[in-house]
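Novice: Sharing a structure with you now.
Every number here is computed from the coordinates shown, using simple stated rules; none is lab data. Note that the coordinates shown come from a computational prediction; the quantities given were computed from them, not determined experimentally. Glycine also receives a Cβ, built like all others from the backbone with ideal geometry; neighbour counts cover every protein chain displayed.
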Amino acid sequence: MNFGFHAARLLARWKRSQWTRKYRDHFPPFLDSGKTLPQSFVYYTCEDHLPELILSIESLIRHVGRPKEIVIIGDGSLQEKSVKQLNQWSPLIRAMNFEKFLRPEIPKVLQKHWARNDLPGKMAVKLSIFMSLPLTGETVFLDSDIIFYPGAEKYGFFTEGNRQNILYLRDCGFSGEERMILHEDEKKNPVNSGFFVVDRSLDWDRALKRFAQLGDDFVWFIDQTALHLAMHDSGGKELDPERCVLHLKDQFRYGENLVPEETVLRHYVTPVRHHLWKKQ
């Protein structure tokens with residue numbers, strides 16, 4: 001038995017429950033930062049992931065700075081109380097469920113799935129959110145399980161005029177809807193949908209045509225597959241995977257394979273999320 005792995009998961013579960021109990025009725029004080037950022041940050045979350053969202057925003061303010069605004073979009077599960085708490089937490093924040101965010105010109109082939117209360121429906125919603133970006137100016141989209149680290153300032157990722165403006169986080173392997181892929185070469189440089197940067201709309205033509213061909217029969221990562229195709233069709237550039245981290249190498253270890261001073265961010269996907277909570 002891998003005692004280190006199971007000990008890490010138990011500790012993480014306990015720490016998350018303690019955090020949730022402590023902040024059940026109020027969030028911790030909002031941090032301030034003397035550094036301001038030109039970007040808008042758009043979070044995608046759900047009611048169950050509010051603890052991760054709060055930790056992510058705290059790490060953003062602490063290690064990166066104050067964005068132009070923070071928009072929090074729920075998948076439809078955010079309770080009215082939670083939306084109110086988030087909006088009262090800081091004047092930087094605008095929180096809402098997705099219905100109030102999506103652009104009305106989103107294609108009907110996606111809109112018809114918004115009312116579905118299942119995983120494919122949520123994927124259609126998330127893809128519609130992607131297509132509603134950017135906001136005014138450069139926009140950073142991120143899931144609520146992204147944590148920032150001290151390397152963000154050292155790396156200079158968020159400074160103006162220092163990089164390409166369509167950027168994506170490389171996935172550890174292609175995870176998508178295989179029927180939207182016609183050739184193996186199209187799987188190269190896999191895009192993860194948990195973090196990306198845009199300053200203009202992506203080219204969605206090929207992705208939407210492939211999606212429409214599926215009809216109502218889709219079950220797996222259509223949002224990420226569509227983003228993968230659109231990102232490459234739009235000339236997106238891969239973020240440095242040594243500093244913008246997404247891997248499972250430490251999934252079964254007690255210790256985390258990460259150097260904070262050299263790391264901009266890590267996406268704590270489900271198999272490694274215990275590392276996020278273990279150190280809180």
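Novice: Taking neighbour Cβ counts within 10 Å as the exposure measure, how do 225, 136, 20 sort from fewest upward?
Specialist: Listing 225, 136, 20 from fewest to most nearby Cβ atoms yields 136, 20, 225.
Novice: Sticking with this structure for a sec: For 223, 203, what ranking results if the residue with the fewest other Cβ atoms within 10 Å of its Cβ goes first?
Specialist: Least crowded to most crowded, the residues run 203, 223.
Novice: Per-residue counts of other Cβ atoms within 10 Å, averaged by peptide: what ranking do you get for 178-185, 244-251, highest first?
Specialist: Ranked from most to least packed, the peptides come out as 244-251, 178-185.
Novice: How would 239, 110 line up from fewest to most surrounding beta-carbon atoms within 10 angstrom?
Specialist: Fewest-to-most ranking of 239, 110: 110, 239.
Novice: Still on this structure, I have one more. Normalise the Debye intensity by I(0) for the chain, one equal point scatterer per Cα, no solvent, then take log10 at q = 0.07, 0.08, 0.13 Å⁻¹ and round to two decimals.
Specialist: -0.25, -0.33, -0.91
Novice: Here's something else I'd like to know. Just to confirm the filter: which chymotrypsin sites (Phe, Trp or Tyr not before Pro) across segment 233-268 are DSSP coil and have at most 14 other Cβ within 10 angstrom of their Cβ?
Specialist: Here the chymotrypsin sites (Phe, Trp or Tyr not before Pro) that fit, given the DSSP loop and packing criteria, are 252.
Novice: Quick one: Cα centre-to-centre distance for segment 87-150 and segment 165-224, in angstrom?
Specialist: If we compute the Cα centre of each part, the gap is 16 Å.
Novice: Give me the orientation-averaged projected area of the Cα convex hull of segment 1-109, in nm², one decimal.
Specialist: Taking a quarter of the hull surface, the average projection is 9.9 nm².
Novice: Considering the chain as a Gaussian network with a 10 Å cut-off on Cα pairs, which listed residue, 30, 195, 141, attains the greatest mean-square fluctuation?
Specialist: Answer for the Gaussian network model of the chain: 30.
Novice: Same structure again: Want the number for residue 119 to residue 68: 0.36 nm per residue separation, take away the alpha-carbon distance, what's left?
Specialist: Residue separation times 0.36 nm, minus the Cα-Cα distance, leaves 15.2 nm.
Novice: Taking 0.36 nm per residue of sequence separation and subtracting the Cα-Cα distance, how much length would be gained by fully extending the chain between residue 182 and residue 109, in nm to one decimal?
Specialist: 24.2 nm
Novice: Hey, got a sec? Which trypsin sites (Lys or Arg not before Pro) in segment 69-148 land in a DSSP loop and have at most 15 other Cβ atoms within 10 Å?
Specialist: Passing sites in segment 69-148 are 112, 116.
Novice: Report the Stokes-Einstein translational diffusion coefficient (µm² s⁻¹, integer) for segment 14-69, Rh taken as the Kirkwood radius over Cα pairs, at 10 °C with viscosity 1.306 mPa s.
Specialist: It comes out at roughly 128 µm²/s.
Novice: Now, a different point. In units of 2.2 N^0.38 Å, what is the alpha-carbon radius of gyration of segment 82-155?
Specialist: For segment 82-155, the normalised Cα radius of gyration comes out at 1.33.
Novice: What's the whole-number percent of alpha carbon pairs in segment 134-252 lying beyond 23 angstrom?
Specialist: Value for segment 134-252: 33 percent of Cα pairs lie more than 23 Å apart.
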